[in-house]
Amino acid sequence: MFEHHRKTIDNLNKAFEGNDDYLAFIVNGSVARGDAGEGSDVDYYLVIDDDAFRALLESHGIGHEANECCVPPCQEANGFLTSRAFLREIRDRGSEIARWSFLGAQVVFARDSAIDELVRQIPCYPEKERRGKMESYYSQMFYHMSFFEFAFYSRNKYLMYETATKLIHAAGRLILADNRMLCPNRKRFFAELQKAPDRPDGVCDAMLAFLDTPTIEAGWALANLVQNHKPYPLPPEGVKERIIRDSVLNWYHNTY
């Protein structure tokens, strides 16, 4: 951690700890994970009372900033208000990105010792969802590849790039799920994928090559590279039926 980030956190701690409405101050993001750049913002959560948080959630007022606490070259300190109940919601049924946002999170202070344990429990891969997600992402690769072929032959440039990125996303999510790694935000997607210990050799290069030269050959080179890496779990109802479930009926089934 850079010294100016440490001093910024100290300033935030002094500002927040004196306010009894704040039950905990949690630093997250790149500074907490240890991959921040010199000019990275400081991200944080402030835990408040459950009832107060529900009222703010309804009024769309959970954003928070304290830029006056920043020590240059850090320019911004941005956070969100949350509550113990909402932290439990993230732990129990949060999206992967919501869980990932707590990866490496540091509880600077907490008036309730249970918050420390709760924060540690959040960034865990949801094991009960893993196989279903892998079946879906495997199927989505071929679904998006079929649309890419249509777009390529019909010269629909928008559809080409949209389906190319969706194919890459599905392949990456499949690999992350296989490694029990949470899907991060878009900014960190490739960086996290490159950390996956069990991934097809050259898969990230194949993804970038597909974006640089979006051709049918490059798309199938990527899809086949992933498909041939190992026997990933297949949907028992078949790829076509899973695609229908995940695309046509995703609003009904609330799938991935």
Q) If you go through the stretch 13-32, how many residues are open to solvent by 30 Å² or more (accessible area, probe 1.4 Å) and polar (S, T, N, Q)? A) 2
Q: Would you please name the residue that is farthest from TYR137 (Cα to Cα), looking only at residues in the stretch 193-214 that are surrounded by 15 or more Cβ atoms within 10 Å (Cβ to Cβ) and in contact (Cβ under 8 Å) with a residue 40 or more places away in the chain?
A: PRO214
Q. Filter the stretch 72-99 for residues that are of a type in the set (Gly, Ala, Ser) and farther than 30 Å from HIS4 by Cα; which is nearest to the chain's Cα centre (by Cα)?
A. SER95
Q | Residue pairs meeting the criteria (Cβ under 8 Å; at least 6 apart or on separate chains; first on the phi > 0 side of the Ramachandran plot, in the stretch 156-176; second outside any helix (DSSP H, G or I) and small (Gly, Ala, Ser)) | A | none
Q | Any hit, the stretch 216-228, residues being open to solvent by less than 80 Å² (accessible area, probe 1.4 Å) and part of a loop (DSSP other than H, G, I, E, B) | A | no
Q: Could you tell me whether the stretch 229-236 includes any residue that is of a type in the set (A, V, I, L, M) and buried (at least 17 other Cβ atoms within 10 Å of the Cβ)?
A: no
**Q.** Residue count for the stretch 70-119, restricted to those that are part of a strand (DSSP E or B) and in contact with an Asp or Glu (Cβ under 9 Å, 6 or more places away or on another chain)
**A.** 9
Q.
Can you tell me how many residues within the stretch 19-51 are of a type outside the set (Ser, Thr, Tyr) and over 26 Å from ARG111 (Cβ atoms)?
A. 6
Q: Run down ASP35, ASP10 and say which single residue is among the acidic types (Asp, Glu), exposed (fewer than 14 other Cβ atoms within 10 Å of the Cβ) and part of a helix (DSSP H, G or I).
A: ASP10
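The values are calculated or read from the model by the stated rules, or taken from the named source; none is laboratory data. All figures in this text were calculated on a predicted structure; none of them were measured in a lab. We place every Cβ from the backbone using ideal geometry, glycine too, and count neighbours over all the protein chains shown. Areas reflect the complete protein model, heavy atoms only, side chains present, ligands, DNA and RNA absent. Shrake-Rupley method; radii C 1.70, N 1.55, O 1.52, S 1.80 Å.
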